[in-house]
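These notes concern the structure reproduced below.
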Amino acid sequence: MTSRRFAVALLALSCVLLGSCAKKTPTLNLLVWEGYADPSFVRGFEEQCHCKITASYMGSSDELVAKLRGGSAGNYDVISPSSDVAASIARAGLAAPLDLAKFPGYSQLSPQLTSLPLVRVKDQVFGVPFMWGPNPLLYDRTVFSQAPDSWNVLWDPKYRGKVSVWDELSTLYMAAQVLAFDKPDPTHLYNLSDAELDAVKKKLLELKPNIRKMWSTGGELTNLFQNHEVVLAMGWPLMTNQLRKLNFPIGETIPKENTTGWIDHLMVTAGSENKDLAYKFLDYMIESQTQKKVADVTGYTPANPQAAQYMTPEQVKSLHLDDVDNYQKRIYFWQDVPRRSKYVEVWNEVKAAQ
C-alpha cells in the first residue's frame, strides 16, 4: 500500500473511532478567510470522516477577534487567524494549545514558518501555519500596459474614483510604506507613533477622492474590477486567481516599496466541543495534496512545500515555491500590533471623513 493510501485509510479509521458512525452526523464549524472551505478540498474530509463542515467567513482580523471576544468562541471549532492577531488570540485563552505529536503532517511544514513565535505562548503552540502571501497591488491590464512600480499610483488624480482599498488596517501599513516609515526597520509599521499615525491619516485623506469603494470581501473587489468600476486596488492573490479564471485582464505586482503580507494559521478554539475532529481537520488541511488544492482555489502559497510535487512547473513558479527566500524579502509579514486600538481609531477616522 502506498504511503498516500495508507494515510487515507488511517484517517478514515481514526474518524470511525471518533464516533462517525453515530446516528447524528458530527458538524465542524469554521470561521475562516474566504477560499478556505471550498468544496474541492473540504468534501474529501467530510467523506472520510462522515461529518459535515459548515463555514462562516470573516472580512478582517478585527472582525474575527470581535466575534471571539463577543462570546461566539463556542460557536466555532476551527479559526484561521492571520499573523497580526494569532498571538493575542492565544494569550486571551480563546484558542486551545495543540499537541503537535497528533499532527503527522506538521514536520513537513516550512521551518521558516514553524520557527516563528506568532502562535507560541509560554512554550505552547496554538496553531499550525496554513497558507501565506502578500497584499499586492492589483491593476487592470487594459489600462496599464506595464505594472505600476509604486503604491503612489493610487494617489494619481488621473484615477479619481477608480481605486479601491481594503477596509482593514493593512491600508494604514501601505500608506506608512509610502511615507517610508518602514525604513530602516519594516517591523516599525506595526508600532507607529502618534505623530506617524497622524501623517498616515493625512496621506489617506488625500487618497479619498480616488477611492470608488473600500472593499470588505474578496468577492466584492472581484466584482468591482469585473464591472470596470475600479482599475487599481490593494488586494489578495485570491482575487487575482478569481479574475483570471473569469478571463479578466488582471495584473498583480509588488511595488518598489514592497508590501505587507500574512501567514494564516489554523487554530482550534478553546470552546470547541469537537476537538478530536478539529485536530483531524487541521492535519488534513496541512497535508501536501490538500495544500495543493487550496493553492488552486486561492492562489496563496502553501505552508507545506511538499505540495509542489503535485504542481506544474508554472504553478510552482507563480507561487514562488522555487525561490521562497527572495520572495519573502519583499513581504513584511503582519505582526502583533501593541496599540491596535489606536490604529483602529485612526482607520475609523479616515473612513468617516468626507
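The values are calculated or read from the model by the stated rules, or taken from the named source; none is laboratory data. Keep in mind it's a predicted model, so treat the numbers as computed, not measured. Using ideal geometry, Cβ is built from the backbone for each residue, glycine included, and neighbour counts are taken over all protein chains shown. Accessible surface areas use protein heavy atoms only, side chains included; no ligands, DNA or RNA. Shrake-Rupley method; radii C 1.70, N 1.55, O 1.52, S 1.80 Å.
In table form, for the structure just shown:
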{"item": "Failed item, numbered, when Asp322 is tested on (1) out of contact with any helix residue (DSSP H, G or I) (no Cβ under 6 Å at 6 or more places or on another chain); (2) at pLDDT below 95; (3) acidic (Asp, Glu)", "result": "(1)"}
{"item": "Candidates Val125, Val143, Val85 - the one that is touching a Ser or Thr at 6+ places or on another chain (Cβ under 8 Å) and among the β-branched types (Val, Ile, Thr)", "result": "Val85"}
{"item": "Helices (runs of 4 or more DSSP H) enclosed by segment 169-270 - at least 2 residues per element that are within 28 Å of Pro302 (Cα to Cα) and free of Cβ contacts under 8 Å to residues at least 24 places away in the same chain", "result": "218-226, 237-245"}
{"item": "Only one of Leu243, Leu221 that is in contact with a Gly (Cβ under 7 Å, 6 or more places away or on another chain) and within 21 Å of Val143 (Cβ to Cβ)", "result": "Leu221"}
{"item": "From Tyr332, Tyr327, residue being assigned to a helix (DSSP H, G or I) and either surrounded by 19 or more Cβ atoms within 10 Å (Cβ to Cβ) or of a type in the set (Phe, Trp, Tyr) (or both)", "result": "Tyr327"}
{"item": "Asp149 vs. criteria within 24 Å of Leu189 (Cβ to Cβ) and at pLDDT 95 or above", "result": "yes"}
{"item": "Index of the failed condition, Asn223 passing every other in (1) of a type outside the set (Phe, Trp, Tyr); (2) within 28 Å of Glu34 (Cα to Cα); (3) open to solvent by less than 40 Å² (accessible area, probe 1.4 Å); (4) under 25 Å from the mean Cα position of the chain (by Cα)", "result": "(3)"}
{"item": "Those residues of segment 100-109 which are open to solvent by less than 90 Å² (accessible area, probe 1.4 Å) and either at pLDDT below 90 or small (Gly, Ala, Ser) (or both), in sequence order", "result": "Gly105"}
{"item": "Breaking point among (1) part of a strand (DSSP E or B); (2) in contact with a helix residue (DSSP H, G or I) (Cβ under 7 Å, 6 or more places away or on another chain); (3) over 30 Å from Thr269 (Cβ atoms), for Gly133", "result": "(3)"}
{"item": "Residue in segment 56-75 that is in contact with a strand residue (DSSP E or B) (Cβ under 8 Å, 6 or more places away or on another chain), free of Cβ contacts under 8 Å to residues at least 40 places away in the same chain, part of a strand (DSSP E or B) and open to solvent by 10 Å² or more (accessible area, probe 1.4 Å) present", "result": "yes"}
{"item": "All positions within segment 110-156 that are hydroxyl-bearing (Ser, Thr, Tyr) and open to solvent by 30 Å² or more (accessible area, probe 1.4 Å)", "result": "Ser115, Thr142, Ser145"}
{"item": "Residue check for Val163: surrounded by 21 or more Cβ atoms within 10 Å (Cβ to Cβ) and out of contact with any Asp or Glu (no Cβ under 8 Å at 6 or more places or on another chain)", "result": "yes"}
{"item": "Every residue from segment 335-348 that is open to solvent by less than 70 Å² (accessible area, probe 1.4 Å), farther than 20 Å from Trp236 by Cα and either part of a helix (DSSP H, G or I) or in contact with a strand residue (DSSP E or B) (Cβ under 9 Å, 6 or more places away or on another chain) (or both)", "result": "Arg340, Lys342, Tyr343, Val344, Val346"}
{"item": "Candidates Val294, Val316, filtered to the one that is open to solvent by less than 50 Å² (accessible area, probe 1.4 Å), assigned to a helix (DSSP H, G or I) and farther than 29 Å from Leu94 by Cβ", "result": "Val316"}
{"item": "Checklist (1) more than 26 Å from Asp140 (Cα to Cα); (2) surrounded by fewer than 19 Cβ atoms within 10 Å (Cβ to Cβ); (3) in contact with a Lys or Arg (Cβ under 6 Å, 6 or more places away or on another chain); (4) of a type outside the set (D, E, K, R) applied to Gln309, failing item", "result": "(3)"}
{"item": "Condition broken by Gln306, with the remaining ones in (1) in contact with a Ser or Thr (Cβ under 6 Å, 6 or more places away or on another chain); (2) among the polar types (S, T, N, Q); (3) part of a loop (DSSP other than H, G, I, E, B) satisfied", "result": "(3)"}
{"item": "Among (1) in contact with a Leu (Cβ under 6 Å, 6 or more places away or on another chain); (2) under 16 Å from Thr259 (Cβ atoms) - the single one Pro186 does not satisfy", "result": "(1)"}
